[in-house]
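Asker: Sharing a structure with you now.
The values are calculated or read from the model by the stated rules, or taken from the named source; none is laboratory data. What you see is a predicted model; the values in this text were computed from it and never measured. Glycine gets a Cβ as well: all are built from the backbone with ideal geometry, and neighbour counts include every protein chain shown. Accessible surface areas use protein heavy atoms only, side chains included; no ligands, DNA or RNA. Shrake-Rupley method; radii C 1.70, N 1.55, O 1.52, S 1.80 Å.
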Amino acid sequence: CERVSGMRTSDPLLPLCQSLLGYALHMVRDDRETALLLIEAAHERAPHLAINLDHLAVLRLIRGDVTGASAAVRHCLQAGAFSPWRYTYEVTGAMVCMASGDFRQSLYHSNQALFRQPKYLGALRYSMAGLAISGQTADARRMLARIQSLRPGYDLSSWAEGLLRRAPTHLS
């Protein structure tokens, strides 16, 4: 926080640093208010920076603003079409679609992420969840087996609890 607050407003890396700091405050400290302020400031400075839009989508989602999260994801996927981080943006798309009840589109986004990063745990988890929720239990079990083969002993219940803890009650 100290380093980012000491950066010049003209520094071209300031929006990226603000966004990353905001996301870290949300994920590590569960400080949603400060996180949102930082990410919104980053978005104001660089409205077409895909990573800002991605983080904005996540924070809007956990605040229960599915419409705002969907808009941020749409812009993020357009702005980050050729980004090496595109696979993470697709996982955010999967999260937002799942929260809005569009499991088919959620699977689409998680599969797009898997095409780009076949061993990305985030994509595997959302793909597994989307398959399970949409009634494709055999495929969900195969995805679970894939997760367990990549990360033996991985605690999915811990991930699910963290996801539910950060999400508004009506979404979780």
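Asker: At a Förster radius of 45 Å, what calculated FRET efficiency corresponds to the Cβ-Cβ distance of ARG63 and ARG141, to the nearest 0.05?
Answerer: According to the calculation, E is roughly 0.85.
Asker: What number comes out for the charge environment of TYR154, summing +1 per Lys or Arg and -1 per Asp or Glu over other residues with Cβ under 12 Å away?
Answerer: Local charge sum for TYR154: +2.
Asker: Another question about this same structure. What is the range 1-101 by shape, rounded, prolate or oblate, if you read a ≥ b ≥ c off the alpha carbon gyration tensor as root eigenvalues and call it rounded for a/c under 1.5, prolate for a/b larger than b/c, and oblate otherwise?
Answerer: Values: a/c = 2.09, a/b = 1.38, b/c = 1.52.
Oblate, since a/c reaches 1.5 and b/c is not below a/b.
Asker: Along each principal axis of its Cα atoms, how long is the chain end to end? Whole angstroms, biggest number first, please.
Answerer: The principal-axis extents, from largest down, are 53, 31, 31 Å.
Asker: With only alpha-carbon pairs counted, each pair once and no self-pairs, how large is the Kirkwood hydrodynamic radius of the range 52-124 in angstroms?
Answerer: Values: mean 1/r = 0.0857 Å⁻¹.
Mean inverse Cα-Cα distance, inverted, gives 11.7 Å.
Asker: Oh, and also: Helix 137-150 versus the longest principal axis of the chain: what is the Cα-based angle in degrees, 0 to 90, to the nearest 10?
Answerer: 60 degrees
Asker: Turning to a different aspect of this structure: Probe radius 1.4 Å, ligands and nucleic acids ignored: give me the carbon and sulfur share of the accessible area of the chain as a rounded percent.
Answerer: C and S fraction of accessible area: 54 percent.
Asker: Name the residues of the range 128-162 whose amide N is less than 15 Å from a point 7 angstrom out from the Cα of PHE115 along the C-beta direction?
Answerer: Correct set: none at all.
Asker: Counting Lys and Arg as +1 and Asp and Glu as -1, each charge on the Cβ, what is the dipole of the range 16-67 about the Cα centre in debye, to the nearest 20? Display every interim value, and only then the final one.
Answerer: On the way: 5 positive and 7 negative charges, 8 e Å.
The dipole of the range 16-67 has a size of about 40 debye.
Asker: While we're here: Residue separation times 0.36 nm, minus the C-alpha to C-alpha distance between THR9 and TYR154: what's the value? Don't jump to the answer; show the numbers that get you there.
Answerer: On the way: separation 145, 0.36 × 145 = 52.20 nm, distance 4.17 nm.
Full extension of this stretch gives 48.0 nm more.
Asker: Could you work out [θ]222 nm for the chain from helices alone, using -39500 (n - 2.57) per DSSP H run of at least four and dividing by all its residues? Round to the nearest 500 deg cm²/dmol.
Answerer: -23500 deg cm²/dmol
Asker: I've got another one for you. Angle check, please: helix 50-62 long axis (alpha carbons) against the longest principal axis of the chain (alpha carbons), in degrees 0 to 90, nearest 10.
Answerer: 70 degrees
Asker: Starting from the Cα gyration tensor of the range 12-71, take the square roots of the eigenvalues, sort them a ≥ b ≥ c, and report rounded, prolate or oblate (rounded when a/c is under 1.5, otherwise prolate if a/b is larger than b/c, else oblate).
Answerer: Numbers: a/c = 2.14, a/b = 1.14, b/c = 1.87.
Because a/c hits 1.5 or more and a/b fails to exceed b/c, the range 12-71 counts as oblate.
Asker: Viscosity 1.306 mPa s, temperature 10 °C: give me the Stokes-Einstein translational D for the range 70-172 in µm²/s, with Rh taken as the Kirkwood radius over C-alpha pairs. Don't skip to the end; give the middle numbers.
Answerer: Values: Rh = 13.9 Å.
For the chosen part, D equals 114 µm²/s.
Asker: Please list, by residue number, every one of the trypsin sites (Lys or Arg not before Pro) in the range 70-172 that is coil in DSSP and has at most 14 other beta-carbon atoms within 10 Å.
Answerer: Qualifying residues, ordered by number: LYS119.
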